[in-house]
Every structure is written in structure tokens, then in C-alpha cells.
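The values are calculated or read from the model by the stated rules, or taken from the named source; none is laboratory data. Owing to the predicted nature of the structure, the values given are computational and were not obtained by experimental measurement. Note that each Cβ is placed from the backbone with ideal geometry, even for glycine, and that neighbours are counted across all protein chains shown.
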Amino acid sequence: MNRRVFAAALGMLGVGLAVGPLPARAASNDEIVIGFATAQSGFEVPYDTDGRRMGQLWIDETNAAGGIGGKKLRAVFADTKSDRTEGAKAGQAVLRDGAAVVVVTCDYDYGSPAALQAQRAGVISVSICAGDPKMGPLGVGNLAFSASNVAQAEGAALAQFALETKKFTTGYVLLDDSIEYDKSLCAGYDWLFPLKGGKIVGRDTFKNADPSIASQISRLSALMKTEKVEMIMFCSYSPGGPSAIRQLRAAGINLPIMTGVGMDGTFWLGAVPNLSEYYVAVQASIFPDPRASVEAVKAKFKAKYGAEPINQHAYPIYAWFQLWAKAVAKTKTTEGKTVAAEMETYKKEDTALGPRSFSKDLHIQATAPLVINQFTDGKGKATVVIEAPEVPRDVLYRLKK
């Protein structure tokens, strides 16, 4: 895993990497600039908007408490337009505005172009909720973080929930292989479900942009007649994910569906009226969360914006900023390498979402407490909190074929 390889690959995708170093303009001596290179338009908006708002909430709270080391925080913004090339430009824009940390979009594929700009400028970046460990030292670089957990942890938690709580022993995998998050989510399930005694009896793939999954439905229907399929492990995101679920239910396939944070929220439920037997592993539930610390953050968000977050993607950045601020206060600098090195010493540090750890090789959570949301007749509720085993390295980087 060489970050130069990833940078080269992204360059071939046309993310607009500039030639030569791009220095960040220093902020004034009495302020710290937080740059948000996130989606204000395009399909990533539902994933980025509340995370950006949550970041602003944290900034306002911190300023009200006196800032960090006497310095006030100021936010600057640039729109990635849910596009890789525009993402790189947005990263450059907030760096020109003096960003000491760059918040990037809620996905590795679409957030890494901006994160690479920060890496080259010597500035820390953090994705609102990327679930791929390549948003870190073994991908983008040693200054890149994700506020989230690895997607594999979600898949593993769902495998554990399926086996231990629901008593399912056979599963079917339906993978939208258009982004890395989806592949990692299914990889976590593929690892733990058989390891704990489950059997995966079939699998299929589709693309998020596919207008129809009729052929996949036909193959699944045939398999249901020959195998005891008890559940579907579904790895996708909006808008293609809701479309695929609508097609499954319309075809009369009412098997329980388990999925990760890419399919969290209620903003798309109108596409699948009265959705039932649907389970989502999340870091924070938009329904009453079992943890008082999460409900406290939710209440502050509602007080500021007049409504609660539409999905779980709002919450991880709040917890990450708590740790970043602690590192800045201790080191008395926002210099990227110094702050990152301090954060790498954190082991089970307390946050609003529970304990968080980092290391020199991993700037994302390999395990984390996850809530399982269950939907019945279109209404959701938080059920149990599960912490799956720590994901091993070969599963984190999908080294096994």
C-alpha cells in the first residue's frame, strides 16, 4: 500500500492535481481557519450537509468557550459539486483561504481529491464519514483522517447481529461495486459471517447508476428456491441503493435487508413505502439513541438549526474535532505533522460517540460502537449497540481475493 500509487491513480481519474507544492496561506495570529471542501450541490449533498453543519456547531461552541489556546475559529467553504475534479479545486480554494484543517466529503472516492491537496500542503484533512482506511497514511497520506469507522466494521457488526440476535445462518450478498465504501462494507460481512458459523449461499453485483436490477432479482429468486436464504447483505448508497431496494420489494422479495451508513436516513424512504425488515448499522441513531452523550449533541444541533440531522453522517465530525482540538491545545500548534503525531498516541480517548483510537498506520476506527436501526412499516427505531471484533489488516485493505 503506497500512497504515491493512490495519488497516481487519482491523477489518472482527472482530479486536477496541481504541479508542485501548494502552500497554505497562514491565517491571522488570532484565529484558526477550518476549511470545508464538501458538496453543496450534487448527489453527495445528503451525506455532507449535516456533517458540515455539525462542524459549524462545534466551531461556534468552541468559540463561545474561548476558542483553542485563545484563538477563535473561522470556517471557510468551497463546493465540490459532488465531482472528483471539482473536489480537488475546492481543496485548493480553502487552502488558499488559510485552512489549518480541511474537512472533505463523506466518501473516500469523492473526498480524497481534496484531501490530497491538503496532504501536499502539509495540512491535516478529515473526511466527514469516509469508510475506507485509505483515507489515511496508507492511502492519501500521513495527514489524512476519517472521522468515521471503517466500513468493514459495519459489515462485521451486521454479521454479528444477524447470527447472534436474529439467529440467521445463511446470507446472500448484493454489492453495488461502484465505490470503495460498498466493497469494504461487504468485505466486513464476508469476513465475519463465515468465521462465526454463517454460510453465504450466493452473491451478485450491480452499479449505482443501473436503472434496473431485474437480472439480479431473477438470479436471487431462483436461488431462494434451491437454498435457504434468510437475509440479504446489501452494500450500496443513494440514489441507486433505494432504487434497488424498491425493485426487490416490488418483486415480492421480502427477505430481511442489512446495510451500512451509506443507506442510513429517512430522506429516501418515500421511494419504498412501508419498508420493513430493514436494518442499518450506524455510529449514531437519528432515532432516540441509547447513549445520552449522542442525544445531547442531537439536542444542540436541533436548537441551532431547528431540526435534527437527517442521517448519522452528521455526528462523527463532532467527535473527531473534540480529539483534534485536544491535540492542538496540547501541542500549541496546528502544524499538520505535529498534531497528527499527537493524535496517533490516542488510545480509547473518550468522545461524544464513545472511545476513539488512532495509530501511525490507521487514521480511522477499526472498531467502534455501532447502533442497529430497525425499520418496520416505514418507521425506524434504535435497537442494540454492537461492537464487532477489530477488523484485521488483510480485511481492512481487502488483500484476500
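Within segment 180-223, restricting attention to residues that are among the acidic types (Asp, Glu) and within 14 Å of residue 156 (Cα to Cα), which residue is surrounded by the fewest Cβ atoms within 10 Å (Cβ to Cβ)?
Filtering segment 180-223 for residues that are among the acidic types (Asp, Glu) and within 14 Å of residue 156 (Cα to Cα), the one surrounded by the fewest Cβ atoms within 10 Å (Cβ to Cβ) comes out as 190.
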Every residue in segment 284-324 that is assigned to a loop (DSSP other than H, G, I, E, B) and farther than 19 Å from residue 379 by Cβ, please. 291, 306, 315
Of the residues 332, 347, 298, 302, only one is of a type in the set (D, E, K, R), on the phi > 0 side of the Ramachandran plot and modelled with pLDDT of 95 or more; which? 332
Residue 339 fails exactly one of (1) assigned by TED's automatic domain parsing to the domain that holds residue 258; (2) closer than 29 Å to residue 65 by Cα, namely (1)
From (1) surrounded by fewer than 17 Cβ atoms within 10 Å (Cβ to Cβ); (2) polar (S, T, N, Q); (3) in contact (Cβ under 8 Å) with a residue 40 or more places away in the chain, pick out the condition that doesn't hold for residue 373. (1)
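From the set of residues in segment 327-360 that are among the basic types (Lys, Arg) and in contact (Cβ under 8 Å) with a residue 60 or more places away in the chain, which is nearest to residue 122 (Cα to Cα)? Reasoning before the result, please.
Taking segment 327-360 first, the residues among the basic types (Lys, Arg) are 330, 332, 337, 347-348, 356, 360.
If we keep only those that are in contact (Cβ under 8 Å) with a residue 60 or more places away in the chain as well, we get 332, 337, 360.
Details: 332: 17, 337: 7, 360: 16 Å.
Taking the candidates together, the pick is 337.
Quick grid of which residues meet (1) out of contact with any strand residue (DSSP E or B) (no Cβ under 6 Å at 6 or more places or on another chain); (2) without any contact (Cβ under 8 Å) to a residue 40 or more places away in the chain; (3) within 21 Å of residue 316 (Cα to Cα):
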residue: 57; (1), (2), (3): yes, no, yes
residue: 63; (1), (2), (3): no, yes, yes
residue: 66; (1), (2), (3): yes, yes, no
residue: 78; (1), (2), (3): no, no, yes
residue: 84; (1), (2), (3): yes, no, no
residue: 97; (1), (2), (3): no, no, no
residue: 101; (1), (2), (3): no, no, yes
residue: 107; (1), (2), (3): yes, no, yes
residue: 114; (1), (2), (3): no, no, yes
Considering segment 264-310 alone, what residues qualify as being closer than 17 Å to residue 237 by Cα and under 19 Å from the mean Cα position of the chain (by Cα)? 264, 265, 266, 267, 268, 279, 280, 281, 282, 283, 310
Looking across segment 151-195 at residues that are of a type in the set (Ser, Thr, Tyr) and under 24 Å from residue 106 (Cα atoms), the single one that is nearest to the chain's Cα centre (by Cα) is 181
Say we look at segment 41-54 and pick out the residues that are crowded, with 20+ Cβ neighbours inside 10 Å and part of a helix (DSSP H, G or I); which of these is modelled with the lowest pLDDT? 47
What are the residues in segment 253-283 that are among the hydrophobic types (A, V, I, L, M, F, W, C), surrounded by fewer than 20 Cβ atoms within 10 Å (Cβ to Cβ) and either assigned to a helix (DSSP H, G or I) or touching a strand residue (DSSP E or B) at 6+ places or on another chain (Cβ under 6 Å) (or both), if any? 255, 269, 271
Residue match in segment 321-333 (condition: among the aliphatic types (A, V, I, L, M) and under 17 Å from the mean Cα position of the chain (by Cα)): no
From 57, 10, which residue is within 28 Å of residue 263 (Cβ to Cβ), modelled with pLDDT under 95 and not in a loop (DSSP other than H, G, I, E, B)? 10
Counting only residues that are assigned to a loop (DSSP other than H, G, I, E, B) and in contact with a Ser or Thr (Cβ under 7 Å, 6 or more places away or on another chain), which one in segment 350-388 is farthest from residue 192 (Cα to Cα)? 377
Of these, 221, 212, which one is of a type in the set (Ser, Thr, Tyr), on the phi < 0 side of the Ramachandran plot, out of contact with any Phe, Trp or Tyr (no Cβ under 8 Å at 6 or more places or on another chain) and part of a helix (DSSP H, G or I)? 221
